[in-house]
Amino acid sequence: MHEFSIALEIVDTLQLNGYLEGVKSVSEVKLNLGKYSGVDKNYLAFAFQNLNDERFKDVLLDFILNDGDEITIREILVD
């Protein structure tokens, strides 16, 4: 299940860029998910909810499906 490594990479990128500094809980992550990305949105949601990071335990993923073949982070809302 490569979705778990995708979730970890997203969290690592946020961490490295300082977006999670002082954040106690992430409520929503919006992602553009390409039609041919090979990513299962249910597995990715499961991966986020099962990270060893309490900030993401109740996160909701909002997927914007498109006809492309890329995954890009569009917006991240945090508490």
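Bear in mind that the values in this text are calculations on the coordinates, not laboratory data. Bear in mind the structure is a predicted one, so any value in this text is a computation, not a measurement. Quick reminder, even Gly has a Cβ in these numbers, built from the backbone with ideal geometry, and neighbours come from all protein chains shown.
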- Note on the structure: Taking r as the C-beta separation of residue 58 and residue 13 and R0 as 22 Å, the FRET efficiency to the nearest 0.05 is 0.60
- Residues 10, 64, sorted so that the one with the fewest Cβ neighbours within 10 Å comes first: 64, 10
- Item | Sequence-distant lysines (8 or more away, or on other chains) whose Cα lies within less than 21 Å of residue 57 | 24, 30, 41
